[in-house]
Amino acid sequence: MKFRTPLGKVRGLGAAHTGTDVFWIQRLTSIASIPLTFFLVGSSLYLIGADYEVARAYISSVFVAPALVLVVIIFLWHMCIGMEEIIVDYVHSPTVKFASLIFNIMFTVFLGLTGVYAILKISFGT
């Protein structure tokens, strides 16, 4: 059975005409998270038992600091999209759904700014 209109087949759009962009961003952030997770675990293992100056020097590296910022951004972006999908699918009250979506974005931005600020502060020193 074919339920799509000829115009829908040509454009390749679903019923709401959107959604595939979020689907692909979710998949790309999950794929990008794989090597970033290995980097994060490796960095954590490397810094076990290190004092503050060694950790600060490591984080201040020209390769490590941008990678850590990328970890924060990619992980939080992935989290925000996932939580948005959960809220849209399982919260039925329009008011609670709207408030939850706004809080999700604000919380993600807050965590992102805090994480990037912490990395930059450690990286550049005080």
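For segment 62-67, the Karplus equation 6.51 cos²θ - 1.76 cosθ + 1.60, evaluated at θ = phi - 60°, returns couplings of 5, 9, 7, 4, x, 5 Hz by residue, with Gly and Pro reported as x. For segment 20-84 versus segment 105-119, the spacing of their alpha-carbon centroids is 13 Å. Mean projected area of the convex hull spanned by the Cα atoms of segment 21-124, taken over all viewing directions: 7.6 nm². Protection proxy ranking, highest mean first, for peptides 41-49, 115-123, 83-91, 71-79: 71-79, 115-123, 83-91, 41-49, where packing is the per-residue count of other beta-carbon atoms within 10 Å, averaged. In order along segment 35-51, the Karplus-derived 3J(HN,Hα) couplings, from 6.51 cos²θ - 1.76 cosθ + 1.60 at θ = phi - 60°, round to x, 5, 5, 4, 4, 5, 5, x, 5, 5, 5, 5, 8, 4, x, 7, 7 Hz, and Gly and Pro are given as x.
No lab work stands behind these numbers, since they all come straight from the coordinates. Small disclaimer: the values here were computed from a predicted structure and weren't measured. Using ideal geometry, Cβ is built from the backbone for each residue, glycine included, and neighbour counts are taken over all protein chains shown.
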